[in-house]
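All of the numbers you see were taken from the coordinates with simple rules; none came from a lab. The structure displayed is predicted, hence computed values, not measured ones. Methodologically, a virtual Cβ is constructed for each residue, glycine included, from the backbone with ideal geometry; neighbour enumeration extends over all protein chains shown.
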Amino acid sequence: MKKLSLYVFLVLMWCNVSVAEIIVFKKCYLPDVSEKQSWNNAGYKNSVIGKVPRDLFLNNYKNWGMHNKLKEDYFKSQADRNPNLDYITVGDPVHMKRAYGKESLKNLKSIGLKYFPMNEKKMYSIDLEKGIVNSIEILSEEYHKILLDKHGDKKYSKPEKTIIDRYLIDINIGGVVIAYYEWDTKKETKYVFDLEKFTVTDDDYWFEVCTY
């Protein structure tokens, strides 16, 4: 009888394991959404942030017309907020071309623009049985240093190099999972995980491509 009970217990345990499904999205990056693009090493490294020498940039960017392309002069605001930094940060190449024109990259490269990866790793673990999505993001050394330079003096919110978040699954249907941050009780920002295309989007048009 004891052997039979043990056998039934092991069968039930096996069934529970077989039902559980955890899907991992690996190597997530921000692609050029204007083009059809699949994952590759170069693409993963396109999640980047740029740095240019502060003085050279501030002496030239108005001549290039970069101060009035958007409603706000983002670069002046950045310089005012961080008067002690010897550099200015700029967005990824796709953003810069769209916001400031194709010539912006050429001009920035002429004064020493350098790009650095923002992440060493970005992954999501989707547990359909428990209704939870966990994410982990490990920032690159250079990007973490930039964040510390800009926000490291804050007493209670120094930027972490490893960022861990959790989302609660609200809907799981037809290969699409919709989830919210576990602290987002009002469900203000939804995150959509496409289990077939391996993409992640949110209400602000954040778009990531991953591998499985």
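Summary of computed values
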| item | result |
| --- | --- |
| J(HN,Hα) series, region 126-136, from Karplus relation 6.51 cos²θ - 1.76 cosθ + 1.60, nearest Hz, glycine and proline x | 9, 9, 5, 6, 7, x, 10, 10, 9, 10, 9 |
| Highest-first arrangement of 108-114, 87-93, where packing means the average Cβ count within 10 Å | 87-93, 108-114 |
| Overall form of region 48-116 per C-alpha gyration tensor (a/c, 1.5; a/b vs b/c) | rounded |
| Contour excess over end-to-end distance, with Cα ends at S77 and I132 and 0.36 nm allotted per residue | 16.0 nm |
| In order through region 179-185: 3J(HN,Hα) via Karplus (6.51 cos²θ - 1.76 cosθ + 1.60), integer Hz, x for Gly, Pro | 9, 10, 3, 5, 8, 8, 5 |
| Residues whose placed amide H lies under 5 Å from that of Y87, excluding near-sequence neighbours | R54 |
